[in-house]
1. When only residues in the stretch 84-95 that are touching a strand residue (DSSP E or B) at 6+ places or on another chain (Cβ under 6 Å) and surrounded by 12 or more Cβ atoms within 10 Å (Cβ to Cβ) count, which is farthest from Arg65 (Cα to Cα)?
2. Which residues, taken from the stretch 55-83, are more than 22 Å from Lys19 (Cα to Cα) and exposed (fewer than 13 other Cβ atoms within 10 Å of the Cβ)?
3. Taking into account only those residues within the stretch 36-54 that are at pLDDT 80 or above and either surrounded by 11 or more Cβ atoms within 10 Å (Cβ to Cβ) or among the charged types (D, E, K, R) (or both), which is farthest from Phe20 (Cα to Cα)?
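The values are calculated or read from the model by the stated rules, or taken from the named source; none is laboratory data. The structure presented is a predicted model; accordingly, all values stated were derived computationally and were not measured. Every residue, glycine among them, receives a Cβ derived from its backbone with ideal geometry; neighbour counts consider all protein chains shown.
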Amino acid sequence: MIIPREVFDKKAVGKGQVKFYDVAFIEAKPIIKGKANSKELSIELTDFSVFYNQDDSGEVAEALRPGGVKVVVENGQIVKISKDKTTELISKEVLTKKWSAD
């Protein structure tokens, strides 16, 4: 977990504004082919996780005007946050379909 600087701010702690986020990770496996002086090394990505957050989606949703839309990054996913113009209901749509390169 990443410990945010806000943890030292009593006002932020009192308002519940301190957020702890998981750290991203990556796992890889070396693949060695060939013999003696003609070896080739390849690295295979076996797993990864991205927990990056651009903005706090709850705060973004509250700040949206009716009919407003904002795209943020939440836990490594691209998310569209919308506020309905008449009912002011908040909806979230994950826009990330695939995090890989083919």
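1. Lys92
2. Passing the criteria: Arg65, Pro66, Gly67, Val69.
3. Among them, the one singled out is Lys39.
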